[in-house]
Structure formats: structure tokens, C-alpha cells
Amino acid sequence: MAGAITNNSKSNSGIYAGSAHVLMLPSWLIIGFFLLIPVLLMLVYSFLTKEFRGGVIWEFSLDAYDQFFFYRGLFGDEPPVFEWTYVGIFWRSIWQAGAATIFCLIIGFPTAWFIAMRRGANKSVWLFLITIPYWVNLLIRTISMKFLIRDNGPLNEWLLWMGAINEPIHMINTNFAVQLGLFYSYLPFMVLPIYASVERYNFALSEAAADLYASHWETLRLIILPAVKPGIIAGCILVFVPSLGAFLAPDLLGGAKTFMIGSLIEEQFKGNAGNWPFGAAASMILLSMVLAMLTYYARQQSKEVS
Amino acid sequence: MASKKIDLRYFPGFLPLTYLCLFLLYAPLIIVLVYSFNDSVSITKWGGLSLRWYSDVFFGPEAPKFQTAAFNSLTIAVIAATVSTTIATLAATAMIRAGNFKGRSFGFVLINLPIMVPEIVTAVATLIFFSAIGFTTGYLTILIAHIVFCIPFAYLPIAARMQSIDNTYEQAALDLYATKFEAFKLVLLPLMAPGILSGFLLAFIISLDDFIITNFVKGAGIETLPTAIFGSVKRGIQPNIMAISTLLLLVSVVFVTLSYLVGRAGEKSK
Amino acid sequence: MKKFLLASTTAIALTLSATGAMAAGNLSIYHWFEYIPQDLLDKFAKEYDVKVTMDTFDSNEAMLAALKAGKLGSYDVSVPGDYMVEIMAKEGMLDTFERSELSNFGNIDPQWIDVGFDRGRKSSIPYQIGTTGFMVNRKAYTGDIGSLAVLFDPPAELKGKINVLDSQGEVLALASMYLNIPQCSTDRDQLKKLNDQLQKSKAAWASFGSDIAKDVLVSGDASAGMIYNGFGAKARAENADLEYAYPKEGYVFWMDNVVLLKDAPNRDNAIKFMNFLLEPENAAAVSNYAQYISGVKGAGKYFIDAVKNAPELNPPAGQKGAFIQACGQDVQKVYDTIWTNLKK
């Protein structure tokens with residue numbers, strides 16, 4: 001592309017190549033110092049002996065990881081068998097977060113598209129409209145949502161009145177409610193990144209496709225979606241990853257009858273369990289899973305860049 | 001099909017889904033709005049129309065506490081979102097516009113670290129770290145923690161936007177003897193505006209809503225709205241919270257209207 | 001590392017007390033939010049010329065975790081529940097005082113002086129007292145509610161309509177009472193029975209939730225639910241069909257206490273504050289605000305009617321309540337497994 005002919009950059013994507021480290025410095029410093037060091041400390045904690053009622057004793061121990069993977073009976077003295085409990089909790093959280101991400105994408109993409117097609121200052125107004133509900137605290141929003149979808153709540157009454165249903169739909173305390181909780185917690189985090197990408201979409205590409213007899217939906221699938229892929233991926237990361245550790249909204253709507261990853265870990269620090277090494281170990285397992293996923297994505301991105 | 005002139009911007013079904021999106025976002029807020037005018041102390045039973053919770057917010061005995069909490073929340077959110085958006089914009093420029101440099105993958109992981117670690121772990125670890133280095137918890141510790149976890153929320157939309165912009169514009173500027181800084185400031189940044197605004201808004205709402213981390217790193221005498229709201233479980237959630245929420249919505253609507261008017265005036269003057 | 005942490009916390013404490021010395025006097029409270037009226041804090045501040053700052057927490061365990069993670073040394077007093085006083089004392093987080101330091105010590109209701117979690121009241125004074133039981137919507141179920149069976153082996157009308165508190169301590173304590181098992185029992189058969197009973201009961205439960213315990217009952221989403229009595233009184237005020245039960249097997253008694261924290265930067269003011277809270281009039285002010293009864297003798301005559309007359313707040317004579325016990329490490333480990341089994 002054009003970059004090849006400029007004299008002050010070697011590759012076509014490295015305009016600011018010389019300044020890369022300077023540009024990265026603020027984020028490296030602040031996250032490296034105030035988060036990476038504490039997280040490394042937690043990594044160390046996961047290999048220490050637990051102190052009763054929270055805290056750690058500085059002696060090396062693999063108990064936390066052992067507890068995660070092996071079950072030794074109610075009293076801890078039976079021969080070890082593989083522990084499905086925590087793997088199950090992880091699997092369920094991944095599944096719920098995945099479903100919520102898909103819901104967010106199905107509703108978020110058309111919304112982002114719609115906003116990007118507005119003109120001028122209207123676009124910013126629409127962006128604000130998407131984020132304004134989030135000025136209200138999560139707890140309050142979720143309690144109101146719970147009120148709305150109750151068996152005899154306004155939504156059911158309205159649907160009954162409309163004649164759309166014959167008896168109330170039972171939504172509260174179901175899997176659907178859990179996903180709704182996650183979906184509702186993170187919807188703007190899907191819409192805004194997609195919007196930022198779609199807004200740049202060049203309709204000349206659509207016209208070219210139409211000239212070549214591509215149908216409307218073929219254009220969407222083959223031309224538009226690949227062009228705005230960065231926004232979609234960013235949105236999916238921003239919904240999926242935080243959803244994995246979230247529990248407040250899904251618990252309130254879903255009834256909290258089963259642990260999510262987030263509530264399991266929370267229980268180790270803020271509940272009766274007070275088992276910090278186990279909480280740290282479960283976090284590190286979660287962290288390495290997400291890390292593997294993001295590293296894969298970063299590799300792909302690097303390939304595209306170079 | 002192809003003979004028929006079709007609007008390339010229009011997809012059937014997109015508009016209903018947009019309406020559904022708005023409905024889902026706003027329906028619960030109608031409940032909040034309605035119950036803020038409830039005369040009863042209940043947040044689920046209607047007891048007649050009243051403004052008592054609004055007077056409670058302004059003149060009640062607990063009013064100063066909630067007002068300070070709201071002030072803290074808003075100032076922290078504005079500062080944290082501004083700083084993290086700036087940091088994220090610089091980082092995105094390096095990640096997307098500086099080729100494949102040493103530490104690039106590590107940089108990507110580091111920037112996204114705040115969303116990968118469960119909040120409670122960040123909270124406990126950060127508090128341990130702050131006490132270990134002798135930082136007294138207070139406003140500043142909340143602010144630092146918020147800046148850190150807002151960065152990925154600002155970074156991802158900004159980076160997505162930058163990936164969608166071809167670098168030919170900056171190249172053209174450089175060919176016309178602009179410096180790199182000028183190309184960045186005068187060409188790239190204006191094109192980036194929608195991405196930066198998106199990043200800022202996400203960082204802002206994530207900071208405004210944070211409870212778990214704030215609860216641990218705040219110090220004596222400093223409350224934010226979420227810690228105040230979650231803390232009130234001992235007495236049950238009072239409808240004055242509904243009134244505060246409605247007032248916050250009002251503030252945000254005024255803010256948006258103003259920005260719209262300013263934006264339109266700007267467009268007209270062009 | 002531990003020494004380093006300790007040294008740095010002391011450093012923080014020193015900095016705090018240094019800044020404290022500049023003002024007329026300071027008091028730093030670690031407290032539940034919205035559990036003490038602002039008027040009362042202002043009154044104390046004015047009477048003793050002390051600047052009061054308050055930090056808040058949302059659960060006993062969260063407070064413990066925050067103190068462990070490094071906040072100890074920055075507060076003077078805190079307000080833990082009964083079993084948490086014992087835990088904190090064992091962790092070495094509490095300072096002791098002499099009875100002579102508190103001129104109002106005699107105001108403590110004698111029955112709350114020799115309590116199991118702090119024999120003879122060496123580092124704590126009673127604050128608010130309540131019970132944890134359950135409420136039933138009498139429109140949904142008209143039968144007998146005088147037994148914990150309503151929660152653990154519910155009648156058909158209530159199946160799938162029960163909310164329980166999302167709190168291991170309370171659920172396991174009530175279940176133990178139902179099965180007539182001593183709390184913190186080390187007997188294996190009894191623990192197995194407890195585990196089996198909860199597995200069985202869970203099938204009839206709709207949800208676990210503490211923050212929303214009152215609202216689900218008021219709105220009718222739940223027809224029965226575990227609840228703190230103070231919340232129960234409020235729930236009944238909003239929905240008259242609700243009735244608070246005092247089950248025959250027993251119920252949970254809880255008591256919040258003001259404790260003197262170790263390394264308190266302003267110990268003198270902390271003592272003054274505790275003494276202040278032992279004045280019947282001041283103790284009653286907290287009760288009237290939070291709607292729980294007080295452990296201070298003579299506070300009753302200052303109670304407003306809503307506190308004085310609420311059936312939820314005044315258990316009938318002859319009923320047996322028990323504090324939640326802080327179990328030893330081995331039993332707690334089994335409890336954790338039972339709880340995880342319940343929520344997996």
C-alpha cells in the first residue's frame with residue numbers, strides 16, 4: 001500500500017514504529033505496577049498454605065490446586081477421585097457467558113449499525129442513549145429488571161393483555177434469567193466497539209458487491225462483517241471475559257442456586273470459607289484460560305499486522 | 001433482485017432489533033422512575049404519589065452522605081475515564097500503528113489483564129499491595145484502582161476503530177512533510193473521535209458502577225454511590241435510592257442535550 | 001513478607017495518628033453502612049470535640065478480609081457480629097479494656113455480659129440484637145408455621161416458593177437445629193445427615209438471596225423465606241399477610257457488638273465512643289433507626305412504638321434462640337464442602 005513509498009517508515013503499518021515503547025509506557029507502568037505485581041502476589045498465594053479464616057501461611061503447598069482437581073469425600077479421607085464440581089462450575093459459567101455474548105451480538109450489531117447510519121451530532125446522542133441507563137447502579141437496575149420479569153410482573157401482564165400469551169411465562173430463577181442478567185450487565189460493551197468500527201465502513205465496497213450481483217445478505221456476510229471484524233471481536237471480548245467472573249446480576253435474577261466462577265471465588269475471600277489460596281488458585285486457572293484465548297487472538301492480529 | 005434498486009444501508013429486521021435493544025435498556029428504568037415517586041417505604045408495593053424521597057435526598061438527615069457519595073462517584077468516574085482513555089489511545093497507537101515491536105504481545109495481555117482477573121482478587125491483592133508499600137487508602141487509591149481497570153474498556157473500542165482506519169491518510173500527511181506528531185494530532189485523532197468517545201463512555205460507566213474493588217481500596221470517610229447502596233442492605237434498600245438514581249438520570253439527560261446542542265451548533269458553523 | 005506487611009501497617013497507623021494529633025481529636029469507625037443515624041454521630045462529635053470518620057463494609061467476612069489485607073491499624077472501633085468477635089479475638093485483632101474505663105459499663109444488660117464469644121466483655125460492648133428466622137405469606141399457606149420444617153421439608157403449597165439467605169452460617173445453623181444436631185458437631189453421621197438434608201431441601205427452594213430477602217416476600221415472588229427479624233418487621237409493614245415465625249426447634253440469635261480494635265490510632269476516643277453508646281438514650285437512638293432491640297439496660301423506654309410493639313422484635317417468652325458458633329478448622333472444612341455441594 002501507500003506506506004511502501006514513504007521514506008520515513010520501513011513497513012506499511014509502522015508509522016509510529018520508533019515511538020512504540022514510549023506510547024506503551026504509561027499503560028505498562030500503571031498496570032504493571034498497580035495490577036501485575038498484585039496479581040503475581042496472588043499467583044504466589046495460590047501455592048501457599050491457607051490460614052484458617054483468611055490469609056496465608058508462608059509455606060509452600062499444592063493443596064489449593066489439589067482441592068480443585070481431586071475430591072476426597074466429605075471428610076477428606078477417602079481415596080482421591082477426579083473432582084467434577086469446580087470443572088462443572090467453570091463449564092457452566094463459560095456456557096452462560098457464551099450465550100450472553102451471542103445475545104449481545106445479535107441485538108448489539110443491528111443497534112450499532114443503526115447508530116452508525118445516523119448523521120453528525122445525532123450519532124453521539126445515540127451513543128449517550130445507549131450508556132445513560134448505566135448511570136443507575138447495577139444493583140438497582142437489576143432489581144428493577146427482576147421486578148419487570150416476575151411471574152405477575154408488568155411484562156407478563158402486558159403480554160397477557162395483548163393476548164400474546166395465555167399464562168404468565170416463568171422467567172425468574174431460570175437459566176434464561178442468568179443469561180439475561182449477564183446480557184443486561186454488558187450490552188453497551190458490545191454496541192460501542194462495533195459502532196466505532198462500522199462508522200468507518202466504506203459503502204463503495206457494498207456498491208461494488210451489488211454490481212457483482214451479490215445479494216443483500218451475501219454482502220453482509222462476505223463484505224461487511226469481515227470489514228468490521230475488529231469491532232465485533234473487541235465487543236465479544238468486552239462482554240465474554242467480564243461475564244466469566246460476574247455473578248451479581250445473574251445471581252439476583254437467576255436465584256443463585258448454583259455457583260458461578262465469580263461467586264465461587266468471592267466466597268473464598270468474603271464468605272465463611274476464608275480460603276485465600278484456593279480463591280487465588282481458581283482465579284489463576286481462569287486467568288490462564290482467558291490468557292490462552294487472548295494470546296491466540298493477539299498472534300492472529302500480529303500476523304495481520306506484519 | 002439486482003435490477004431492483006435497493007438501499008445498501010437497509011437490512012430488514014435491524015430496526016426492530018434496535019427497538020428491542022432500547023426497550024431492554026430502558027424498561028427497568030421506568031420502574032426506577034415510577035417508584036421514586038412512591039409514597040410507601042417499599043420498593044415493590046405502590047402506596048400513592050409523593051415527593052418525599054426527593055425531599056429526603058436533598059434535606060433528609062442522611063442527605064449529606066449520599067450527596068458526597070454521588071460527588072465522589074462522578075468526579076472519580078470523570079477523572080478515571082479521561083486518564084484511562086488517554087493511556088488507552090496512546091497504547092492503541094503503538095499496538096496498531098507501530099508494526100511488530102518487541103513486547104507487543106505482552107503489551108496486549110497486560111492491557112487486558114484488568115478484565116481477566118476476577119474483581120474480588122484484584123480487590124484483595126490491590127489492598128495488600130497498597131498496605132505493603134505504605135499507601136494510605138482514600139480517594140487517591142480508589143482513583144488509581146479505577147484508572148487501572150478502566151484501561152481495557154477504553155482500549156478495545158479505540159483499537160477496533162484504529163484497525164478500521166487505513167493508514168493512507170497519515171502516510172499522505174507525512175508525504176506532505178508533516179511531522180509524525182502532526183500526522184497523529186491532525187489526521188489520526190480526528191478520524192479516531194468516534195472510537196475515543198466510545199472508549200471514554202465505557203470507561204465512565206464501568207467506573208461509576210464499580211463496587212467490589214472500591215469497597216476494599218476506599219479509606220475511612222470516603223464513600224461512592226455503589227458502596228453506599230450496597231452497604232444499605234442492613235436496613236433494606238430505601239426508595240431514596242430510586243430518587244437518587246432518577247436524579248442521576250436527569251443529570252445525564254441534561255448533559256446529553258447540552259452536548260447535542262453544542263454539537264449541532266458546531267456543525268452549522270462549518 | 002508478613003513482617004514487612006506488619007511494619008507497613010504500623011507505619012500507616014503512625015501516619016494516621018500523626019495527622020490525628022493536629023486536629024482536636026479523631027475517631028475512625030469501621031461500620032455497616034446506614035446502621036447508625038448521622039444525628040448520633042454528630043452529637044458525639046459535638047459533645048467530645050472529635051472529628052468522626054466512618055468507613056463501611058457490607059458483611060462480617062468482608063470486614064475480616066479487609067482487616068487481614070492491611071486495614072487493621074487504621075480504625076479505632078468496628079461492629080462485628082457475635083461469632084466474628086470470637087474470630088477476631090482469636091486472630092489477635094482486638095484490644096482489651098478495663099471495666100473501670102467505661103463509666104457506663106453497668107448499663108449493659110447483665111444477660112449480655114458473660115456471653116460465649118467474649119466472656120466478661122473484655123473487648124466488646126453489646127450493640128444491636130436480632131434474630132434470624134423465617135416469614136410466611138399467610139395467604140399462600142395457612143397451616144402451622146411453628147416448625148423449621150416449613151423451610152427444610154416444606155408443605156406442597158410452599159414448594160418452589162422459598163427464598164433462603166445466601167449465607168452459609170445461617171443456613172447450616174438453622175438446618176442443624178431442625179435436625180437436632182449440635183452446631184459444629186464433629187460426629188460424622190450427623191454431618192452426613194446435615195449434608196443429605198440440605199440436598200433434599202434445596203429441591204424445594206426457589207432462590208438464595210440476602211439483599212432481596214425482604215423484597216421477594218413483600219412482592220409475593222416468594223411465599224416463605226429466611227429473614228432477619230428487623231427486615232421482617234418492615235416487610236410486614238409493607239405486606240400485612242406476612243408473619244414472622246418462632247420455630248420450636250430454635251432460631252438464630254445474633255448480636256452486633258462494638259469492639260476496640262488493636263493498634264487503634266485514637267484509643268481514648270474509642271473508649272469515649274463506646275461509653276457514649278452505652279447511654280440508654282443513645283442506644284435507643286440506634287434501635288429506633290435500625291429497628292433492632294438494644295443490649296443496653298433502660299434503652300427500652302426510649303423506643304418508638306414501631307420497635308416496642310413489633311412481634312418480630314420481641315420473641316415470646318420461653319423460646320430458644322442460639323448464637324451461631326464459630327466452628328473449628330476441621331468442622332469448618334466439612335461445612336465448606338457441604339455448602340459447595342449445595343451450590344454446585
Task: Dipole in debye (nearest 20) - the stretch C:117-251, about Cα centre, beta carbon charges: Lys, Arg +1; Asp, Glu -1 - done: 280 debye
Task: Computed magnitude of the charge dipole of the protein assembly as shown (debye, nearest 20; Cβ of K, R +1, Cβ of D, E -1) - done: 2040 debye
Task: Whole-Å distance, taken between Cα centres, linking the stretch A:81-139 and the stretch C:30-55 - done: 42 Å
- [ ] Largest first and to the nearest Å, give the Cα extent of the stretch C:206-327 along each principal axis.
- [x] 49, 36, 29
Open item on the list: Let me make sure I get this right: for chain A, a, b and c are the square roots of the gyration tensor eigenvalues over alpha carbons, sorted descending. Under 1.5 in a/c it's rounded, otherwise prolate if a/b > b/c, else oblate. Which is it?
Closed with: oblate
Task: Dipole of the protein assembly as shown, positive direction: furthest Cα of B:Leu90, B:Thr75, C:Ser207, with charges on the beta-carbon - done: B:Leu90
Task: Between the stretch C:159-199 and the stretch C:256-280, the alpha-carbon center distance in angstrom - done: 36 Å
Open item on the list: Per residue of the stretch A:205-212, what does 6.51 cos²θ - 1.76 cosθ + 1.60 with θ = phi - 60° give for ³J(HN,Hα)? Whole Hz please, x for Gly and Pro, Karplus curve as stated.
Closed with: 5, 5, 4, 4, 5, 5, 4, 8
Task: Tilt relative to chain B, helix B:139-164 - C-alpha long axis, 0 to 90 degrees, to 10 - done: 40 degrees
Task: Amide H contacts of C:Phe57 (H built 1.01 Å from N, under 5 Å, at least 5 apart or other chain) - done: C:His31, C:Trp32, C:Phe33
Open item on the list: Rounded to the nearest 10 Å², what accessible area does C:Arg138 have for a 1.4 Å probe in the complete protein model?
Closed with: 70 Å²
- [ ] For the stretch C:217-289, give the percent of accessible area contributed by carbon and sulfur heavy atoms, probe 1.4 Å, rounded to a whole number.
- [x] 45 percent
TODO: Find, among the GluC sites (Glu not before Pro) in the stretch C:98-160, those assigned to loop by DSSP (not H, G, I, E, B) with at most 10 other beta-carbon atoms within 10 angstrom.
DONE: C:Glu98
Task: Area buried, chain B against chain C - accessible surface, total, 1.4 angstrom probe, square angstrom - done: 3300 Å²
Task: Volume per residue that the Cα convex hull of chain B spans, once the total is divided by residue count, Å³ - done: 227 Å³
Task: For C:Ile293, residues with placed amide H under 5 Å, excluding near neighbours - done: C:Ile129
Task: Radius of gyration and maximum dimension Dmax of the stretch B:152-270, Cα, Å - done: 20.8, 67
TODO: Output the Kirkwood hydrodynamic radius of the stretch B:12-115, Cα pairs only, in Å rounded to one decimal.
DONE: 18.8 Å
Open item on the list: Just want the answer: with Cβ charges of +1 for Lys and Arg and -1 for Asp and Glu, which residue in C:Trp32, C:Ala326, B:Ile43 is farthest toward the dipole's positive end in the protein assembly as shown?
Closed with: B:Ile43
- [ ] List, in order, the whole-Hz ³J(HN,Hα) value for each residue of the stretch C:302-311 obtained from phi through the Karplus relation with A = 6.51, B = -1.76, C = 1.60 and θ = phi - 60°; use x for Gly and Pro.
- [x] 9, 5, 6, 4, 4, 8, 4, 9, 5, x
Task: Cα-based reach from A:Lys257 at 21 Å (exclusive), listing lysines while leaving out same-chain residues under 8 positions away - done: A:Lys146, A:Lys270, C:Lys159, C:Lys161, C:Lys192, C:Lys193, C:Lys200, C:Lys202, C:Lys214, C:Lys333, C:Lys343, C:Lys344
Task: Candidates C:Leu313, C:Leu242, C:Leu41: whichever shows maximal mean-square fluctuation once chain C is modelled as a Gaussian network with Cα springs under 10 Å - done: C:Leu41
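Given a 1.4 angstrom probe, what's the average accessible area per residue across chain C, in square angstrom?
With all protein chains present, chain C gives 37 Å² per residue.
Kindly give the semi-axes, whole Å and largest first, of the ellipsoid equivalent to the stretch A:90-261, taking each as the square root of 5 times a Cα gyration tensor eigenvalue.
Values: eigenvalues 215, 72, 55 Å².
Largest first, the stretch A:90-261 gives 33, 19, 17 Å.
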TODO: Quick one: work out the % antiparallel among DSSP beta bridges in the protein assembly as shown, nearest 5.
DONE: 65 percent
Open item on the list: Keeping all protein chains in the complex and leaving out DNA, RNA and ligands, what accessible area do you get for B:Leu174 with a 1.4 Å probe, in Å² to the nearest 10?
Closed with: 10 Å²
- [ ] Give the shape of the stretch B:124-222 as rounded, prolate or oblate, defined through the alpha-carbon gyration tensor: a ≥ b ≥ c are the square roots of its eigenvalues, a/c under 1.5 means rounded, and otherwise the shape is prolate if a/b is larger than b/c and oblate if not.
- [x] prolate
Open item on the list: Quick check: the angle from helix B:14-35's long axis to the longest principal axis of chain B, C-alpha only, nearest 10 degrees?
Closed with: 30 degrees
- [ ] Compute the projected area of the convex hull of the Cα atoms of the stretch C:105-150, averaged over all viewing directions, and report it in nm² to one decimal place.
- [x] 5.1 nm²
- [ ] Could you size up the charge dipole of the stretch A:90-261 around its Cα centre, putting +1 on the beta carbon of Lys and Arg and -1 on that of Asp and Glu, and report it in debye to the nearest 20?
- [x] 360 debye
Open item on the list: Keeping all protein chains in place and using 1.4 angstrom, which order do A:Ser19, A:Ser243 fall into by accessible surface area, from largest down?
Closed with: A:Ser19, A:Ser243
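State whether the protein assembly as shown is rounded, prolate or oblate according to the following rule on the C-alpha gyration tensor (a ≥ b ≥ c being the square roots of its eigenvalues): a/c under 1.5 gives rounded; otherwise a/b larger than b/c gives prolate, and the remaining case gives oblate. If you can, show how the numbers build up before the last one.
Details: a/c = 1.76, a/b = 1.55, b/c = 1.13.
Note, shape of the protein assembly as shown comes out prolate.
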- [ ] State the percentage of accessible surface on the stretch A:90-261 attributable to carbon and sulfur atoms; use a 1.4 Å probe and exclude ligands, DNA and RNA.
- [x] 64 percent
TODO: Report, to the nearest 10°, how far helix B:189-209 tilts away from the longest principal axis of the Cα atoms in chain B, using its own Cα long axis and a range of 0 to 90°.
DONE: 20 degrees
Task: Pair-distance profile P(r), taking every C-alpha pair of the stretch A:38-176, with 10 angstrom steps and integer % - done: 9, 17, 24, 21, 17, 10, 1
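Please report the buried accessible area for the interface of A with B, total over both chains, probe 1.4 Å, in Å² to the nearest 100. Mind showing how you got there, number by number?
Numbers: alone 19720 and 17500 Å², together 25880 Å².
Summing both sides, the interface buries roughly 11300 Å².
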Open item on the list: Checking understanding here: applying a Kyte-Doolittle mean of at least -0.5 and a length along the axis of at least 18 Å (C-alpha), which whole DSSP H helices in chain C pass?
Closed with: C:2-22
Task: Lone cysteines, the protein assembly as shown (no partner Cβ under 4.7 Å) - done: A:Cys104, A:Cys236, B:Cys21, B:Cys150
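Where only protein heavy atoms count, and the probe is 1.4 Å, what is the accessible area per residue for the stretch A:90-261 in Å²?
Numbers: 6170 Å² over 172 residues.
In whole numbers, the stretch A:90-261 has 36 Å² accessible per residue.
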TODO: Could you work out how far the C-alpha centroid of the stretch C:74-117 sits from that of the stretch B:35-107, in angstrom?
DONE: 38 Å
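The values are calculated or read from the model by the stated rules, or taken from the named source; none is laboratory data. What you see is a predicted model, and the numbers here were worked out from it, not measured in a lab. Glycine gets a Cβ as well: all are built from the backbone with ideal geometry, and neighbour counts include every protein chain shown. Only protein heavy atoms, including side chains, enter the accessible area calculation; ligands, DNA and RNA are left aside. Shrake-Rupley method; radii C 1.70, N 1.55, O 1.52, S 1.80 Å.
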